[in-house]
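Contents: one structure, followed by commentary.
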């Protein structure tokens, strides 16, 4: 069984997340893509993110139309910062040794992977599925110098270069700019119904 894993704060989830997940599922023949919302990302200490229940609710709304997309609450339910390598170990234990893990990231994250906690173990545990990102070219031969064994575990996929980010969407909401067509209508409605991102004091 092949399972894709797409982690992130999803603050909020948007069409770039969904498009990358669907392309990975289709191109690599994945049975499921598991969306893994972060608790407190260890690489973003002190960063203020929306409460977990809001981010989870927006994910549920966005993923509802796709039966191949599911949510894992693993990192939300674990205390403290959650490292990718520990999460992958727990997911492998949960699904069994016969399950192949495909860890889906953008090219920007691939460029930083060698700085993560035990990146060599991440590469052992999962195939690394890389989606292109605007302005983030890379050469595997160069990255291999920092993380030996990376190139044989990487799977490149074709995906639309959607320049959408949670940071920009939150800014647009604060400044009164539209976010329609950047994310599912149900998620847009949820953002405004609950007053998310209107100001830092509400986050």
- prompt: Does any residue of segment 161-174 turn out to be touching a helix residue (DSSP H, G or I) at 6+ places or on another chain (Cβ under 9 Å), without any contact (Cβ under 8 Å) to a residue 12 or more places away in the chain and loosely packed, with under 14 Cβ neighbours inside 10 Å?
  reply: no
- prompt: Of all residues in segment 158-203, how many are at pLDDT 95 or above, more than 20 Å from residue 65 (Cβ to Cβ), under 17 Å from the mean Cα position of the chain (by Cα) and not in a helix (DSSP H, G or I)?
  reply: 0
query: Can you find a residue in segment 18-30 that is in contact (Cβ under 8 Å) with a residue 12 or more places away in the chain and not in a helix (DSSP H, G or I)?
result: yes
task: Identify all residues within segment 101-133 that are under 14 Å from the mean Cα position of the chain (by Cα) and free of Cβ contacts under 8 Å to residues at least 24 places away in the same chain; write none if there are none.
output: 109
- prompt: Which condition number does residue 98 fail, the rest of (1) surrounded by 14 or more Cβ atoms within 10 Å (Cβ to Cβ); (2) touching a residue at least 24 places away in the same chain (Cβ under 8 Å) being met?
  reply: (1)
query: Quick one: is residue 5 crowded, with 17+ Cβ neighbours inside 10 Å, modelled with pLDDT of 95 or more and within 20 Å of residue 116 (Cβ to Cβ)?
result: yes
query: Residues 62, 52: which one is touching a residue at least 60 places away in the same chain (Cβ under 8 Å), surrounded by 12 or more Cβ atoms within 10 Å (Cβ to Cβ), under 16 Å from the mean Cα position of the chain (by Cα) and at negative phi?
result: 62
query: Can you name the condition, by its number, that residue 179 falls short on among (1) surrounded by 15 or more Cβ atoms within 10 Å (Cβ to Cβ); (2) under 17 Å from residue 36 (Cα atoms)?
result: (2)
statement: Filter segment 117-145 for residues that are in a helix (DSSP H, G or I) and closer than 28 Å to residue 31 by Cα; the one that is modelled with the lowest pLDDT is 140
- request: Select from segment 87-116 the residues that are closer than 24 Å to residue 165 by Cα and outside any helix (DSSP H, G or I) and write down the one among them that is modelled with the lowest pLDDT.
  value: 106
query: When segment 146-157 is examined, which residues are found to be in contact with a helix residue (DSSP H, G or I) (Cβ under 7 Å, 6 or more places away or on another chain) and either surrounded by 14 or more Cβ atoms within 10 Å (Cβ to Cβ) or part of a loop (DSSP other than H, G, I, E, B) (or both)?
result: 147, 149, 150, 151, 153, 154, 155, 157
- request: Quick one: in segment 72-86, of everything that is without any contact (Cβ under 8 Å) to a residue 60 or more places away in the chain and outside any loop (DSSP other than H, G, I, E, B), which residue is nearest to residue 124 (Cα to Cα)?
  value: 85
field: Filter pass, residue 13 being closer than 21 Å to residue 159 by Cα, assigned to a strand (DSSP E or B) and within 16 Å of the chain's Cα centre (by Cα)
entry: no
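The values are calculated or read from the model by the stated rules, or taken from the named source; none is laboratory data. The structure presented is a predicted model; accordingly, all values stated were derived computationally and were not measured. So basically every Cβ, Gly included, is an ideal-geometry build from the backbone, and we count neighbours across all protein chains shown.
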